[in-house]
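A quick write-up on the structure given underneath.
The values are calculated or read from the model by the stated rules, or taken from the named source; none is laboratory data. Everything quoted here is computed from the prediction, not taken from an experiment. Every residue, glycine as well, gets a Cβ built from its backbone with ideal geometry; the counts of neighbours run over all protein chains shown. Side chains are part of the model used for accessible areas, which takes the heavy atoms of the whole protein and leaves out ligands, DNA and RNA. Shrake-Rupley method; radii C 1.70, N 1.55, O 1.52, S 1.80 Å.
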Amino acid sequence: MFDEHFKSFFEKVIFQSTGVETEDIDFSFVAGGCINNTVKLSCKTGVFFLKWNESAPAGMFEVEAKGLKLLQDTGAVRVPEIINTGTIERKDYLLLEFLESGRRATNYSETLGRELAALHRHSSSYFGLNHDNYIGRLPQKNESKQSWANFFIECRLKPQVGLAAYNGLIANDTLLRFEAFYAKLPALFPEEASSLLHGDLWSGNVHTGPDGHAWLIDPAVYFGHREMDLAFTQLFGGFDASFYSAYHESSPLPPGWKERTDLCNLYPLMVHVNLFGTSYLPAVERTLYRYI
């Protein structure tokens, strides 16, 4: 009964997405993060990756698809093909092409470094995006701002710090330290044009595809400071030295970028505080103590 229930849902997804009726679907559940259900579907119309959620925030998969399309349209990085988004049986879903895992090409890291640099050369006249989206299941505010510092404070740090304070996850002295830190932040970043960012660039969102190269998934895109993506890659590791060398050769980073890594990672760390708890707070507090 369990399998038949899912099989019926999968058949409806395929029909809604391709217009082809099929009762011959093979499926297997695959790893896909801690928020959504994920499965590989194989049928006569193709092989697909399906993710769905019965309690997803409104529009979560639609804006994820928009983010993938933004990345795809640059031609700079590889992303899976978007098949469809929709809702069936109160389940919101995103259907993508399925990417078999391949063996890493010998120039895997260098190619990814150059591709990321090429992505970051796509710019805008502002910091932000023309729509809000999500990072994980948390809303990500993208109101356009003319300065990076203003955007980082108002659209990245304040929403996460406020949410953590509301839920009792940070003490009042940490909240006050953030308030003092905001005044110092504009002087800490060099002036640069905005860059189109993946926005959630940790190793779990980089998939080695059948061609042996890196394919990017689960974006939280916006136009921001390019050091944000570089910093995120260092938060949990998984990117080797040749990745950073290739990036820097293609698009040299301004002096002091390594020292600004912890500043950039205040945002993903606060996201993790709000998603997973206070074990991420010590790293936040260590960074704040360096400046306040």
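Report the FRET efficiency, 1/(1 + (r/R0)^6), for Asn107 and Asn167, where r is their Cβ-Cβ distance and R0 is 51 Å, rounded to 0.05.
0.70
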The summed charge of the Lys91 Cβ neighbourhood (under 12 Å; Lys/Arg +1, Asp/Glu -1) stands at 0
Find the accessible area per residue for the stretch 224-292; the probe is 1.4 Å, ligands and nucleic acids are left out, and the unit is Å². 40 Å²
P(r) for the stretch 39-176, please, calculated from all Cα pair distances in 10 Å bins and given in %. 10, 27, 33, 23, 7, 0
Report the label-to-label distance for Glu62 and Gln146 in nanometres (one decimal), using points 7 Å from each Cα along the Cα→Cβ vector. 3.2 nm
Across the Cα atoms of the stretch 1-76, what radius of gyration and what greatest pairwise Cα-Cα distance (Dmax) are found, in Å? 13.9, 45
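Pairs of alpha-carbon atoms within less than 8 angstrom and 6+ residues apart define the contacts here; what relative contact order does the chain have, in percent?
Rounded, it is 18 percent for the chain.
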Of 196-206, 48-58, ordering from highest average Cβ density within 10 Å down gives 196-206, 48-58
Pairs of alpha-carbon atoms within less than 8 angstrom and 6+ residues apart define the contacts here; what relative contact order does the stretch 39-140 have, in percent? 29 percent
Reachable lysines from Lys51, criterion Cα separation under 21 angstrom, eight or more residues apart if same chain: Lys7, Lys12, Lys40, Lys66, Lys69, Lys91
Identify, among Leu96, Tyr280, Pro210, the residue whose Cα sits farthest towards the positive end of the charge dipole of the chain, taking +1 on the Cβ of Lys and Arg and -1 on the Cβ of Asp and Glu, with the dipole about the Cα centre. Tyr280
Here are labelled values, [x] 14.2; [y] 15.0; [z] 16.0, and one is the computed mean projected area of the Cα convex hull in nm² for what I pasted. Which one? [z]
Using a 1.4 Å probe on the protein heavy atoms, what percent of the accessible area of the chain belongs to carbon and sulfur? 51 percent
Near-label residues of the stretch 139-158 by backbone N, under 18 Å of a point 7 Å along Cα→Cβ of Tyr126: 140-157
To make sure I understand the rule: partners must be lysines, Cα under 16 Å from the Cα of Lys145, and not fewer than 8 residues away in the same chain. Which ones qualify? Lys158
Apply the a/c threshold of 1.5 to the C-alpha gyration tensor of the stretch 19-59 and tell me whether it is rounded, prolate or oblate. oblate
At R0 = 30 Å, how high is the FRET efficiency between Thr278 and Leu188 if r is their beta carbon distance? Nearest 0.05 is fine. 0.75
Pick from Leu281, Leu119, Leu269: which is most flexible by mean-square fluctuation in a GNM of the chain where alpha carbon atoms under 10 Å apart are linked? Leu281
